[in-house]
Amino acid sequence: MNISTSKVAAFTCLLTTLSLPAHATNGINLIGFGGESTLMAGADVAVARDTSALNTNPAGLAQIKGQRFNGFGSVLRTLDLSHQDQFGNNENASNRYTALGGGGYAMSLDSLPCTIGIGLFAQGGAGGVFKNINVNPALGGGQDRFSALFGIAKITPGIGCQVTDKLSLGISYGLVYASLDQKLFPNSSFQPANFYGYELKGANTIKTSFKIGMQYKATPQLTLGAAFTDKTKLPLSGGRISFNQTDAGNGIVTYRNASISGFALPREVAIGAAFQATDDLLLSLKLNWINWADAMKSSTLTATDPDSTSAYGPVFSANSALDWKNQWVIATGLAYKLNDKTMLYAGHNYGKNPVPTNTTTPNLAAILEHHYTFGAAYKFDPEWTFTGGIEYDPQVKVDYTNVQLPFGTNSELRNEALFLHFMVSREW
């Protein structure tokens, strides 16, 4: 069937906004996982030594002797997530707080020089909720809602083994779950422009993930690390999408089978080094290549099985360009032992915004570039440690024109964020 340009614009808006968290950091990836990894700004590949190694460098599990539990979480406060355009919008997202969490358990084996573990991680999540967006008068005008709530979680077992006195190797293989709810002007319907707002619910997927890693102690002071993460495709299915076709005389039309293909968590290659400069000071560096150009090229929405007569017919299909760029991330971090109970952390993480201006969208504000972290760990006794700190992501502003969105030309997106990170650890 033939679909008009305005119809394609409405649905490619869906495809460019549904896939990722609005509060993403290195693209859709968080900069780190767990307390130490995050507070060293992701400079973790050569340091990884707690259960977050399952999601950073599984070779680091071999450093865990006995048993270890880590429970970690983050609270995000959006300082400025805003959309501005030629239709008078200068709207802040209403969902200013987002909570993320996870945890891990690991134990060393008596019969082998290996440690096994399992962890649950919030890989990404959140989304932008804009409640009062002025609608383009050419699409009917008024005010309406524009939002996406997307989450990615991972559960992954793994093993790390001390192969020689200097070399450790590790592997983790787990499951990734992703889900999405999204709205684009669901109360709007304007037949002259063939524009019908919609609401998408319940699209989700479960796929496998794979990571391998190594750590090599080149000298007593210098440790080298590397990790490879394979691409994880995220084809979302099982959703329902409802179109407001009231102005065409069809009312609300729900397609009972909606799927989206083309999204993925990217392939990554990370290398790094950790240098024990003094007995108290550890310095770490990580260089991470993220293959966004392969993971985020284009997307396709397919909707079938309408519950009534639809202006789009029995099958709807639309493609959207994403055209993300590959990203190089450089992370530097330090850990300083203040005394027998207290460790201080600091770090900086930088990755250039991988999203082109012609595919930028308010619901995918993956434009943050610099990330500064500060924190500390306090050891209450030989078993229990609490780690806490902050991450500040300075404001980034992008001027863009995305013809796939109903926002006209010369729009502006701003993002600035503050995280509170914490972790409770037990060793026995």
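Structural remarks
- Selection of the range 259-279 for residues being of a type in the set (D, E, K, R) and outside any strand (DSSP E or B) yields R267, D279.
- Which listed residue, of G66, G140, is at pLDDT 95 or above and not aliphatic (A, V, I, L, M): G66
- A single entry from T409, T373, T387 fulfils the requirement of being within 21 Å of the chain's Cα centre (by Cα) and among the polar types (S, T, N, Q): T373.
- The set of residues from the range 79-94 being buried (at least 18 other Cβ atoms within 10 Å of the Cβ), in contact (Cβ under 8 Å) with a residue 60 or more places away in the chain and of a type outside the set (G, A, S) comprises L81, H83, Q84, D85, N89.
- Looking only at the range 390-422, and only at residues there that are among the small types (G, A, S) and surrounded by fewer than 23 Cβ atoms within 10 Å (Cβ to Cβ), the one that is farthest from S82 (Cα to Cα): G408
- Meets criteria (touching a residue at least 60 places away in the same chain (Cβ under 8 Å) and either touching a Phe, Trp or Tyr at 6+ places or on another chain (Cβ under 7 Å) or among the polar types (S, T, N, Q) (or both)) for G140: yes
- Test: residue in the range 246-262 that is without any contact (Cβ under 8 Å) to a residue 60 or more places away in the chain and closer than 30 Å to S425 by Cα: no
One line per residue, one yes/no per condition, for (1) modelled with pLDDT under 90; (2) within 30 Å of L282 (Cα to Cα); (3) touching a strand residue (DSSP E or B) at 6+ places or on another chain (Cβ under 8 Å); (4) among the acidic types (D, E):
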residue: T56; (1), (2), (3), (4): no, yes, yes, no
residue: A62; (1), (2), (3), (4): no, yes, yes, no
residue: R77; (1), (2), (3), (4): no, yes, yes, no
residue: S82; (1), (2), (3), (4): no, no, yes, no
residue: R96; (1), (2), (3), (4): yes, no, yes, no
residue: T115; (1), (2), (3), (4): no, yes, yes, no
residue: L120; (1), (2), (3), (4): no, yes, yes, no
residue: I133; (1), (2), (3), (4): no, no, yes, no
residue: R145; (1), (2), (3), (4): no, no, yes, no
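- Segments classed as strands (runs of 3 or more DSSP E), wholly inside the range 280-396, with at least 2 members that are touching a Pro at 6+ places or on another chain (Cβ under 8 Å): 298-306, 370-379
- Evaluating I260 against the criteria (1) modelled with pLDDT of 95 or more; (2) crowded, with 20+ Cβ neighbours inside 10 Å; (3) among the β-branched types (V, I, T) leaves one unmet condition, (1).
The values are calculated or read from the model by the stated rules, or taken from the named source; none is laboratory data. This is a predicted model, so every value here is computed, not measured. Reconstructed Cβ throughout: ideal geometry from the backbone, glycine too, with neighbour counts over all protein chains shown.
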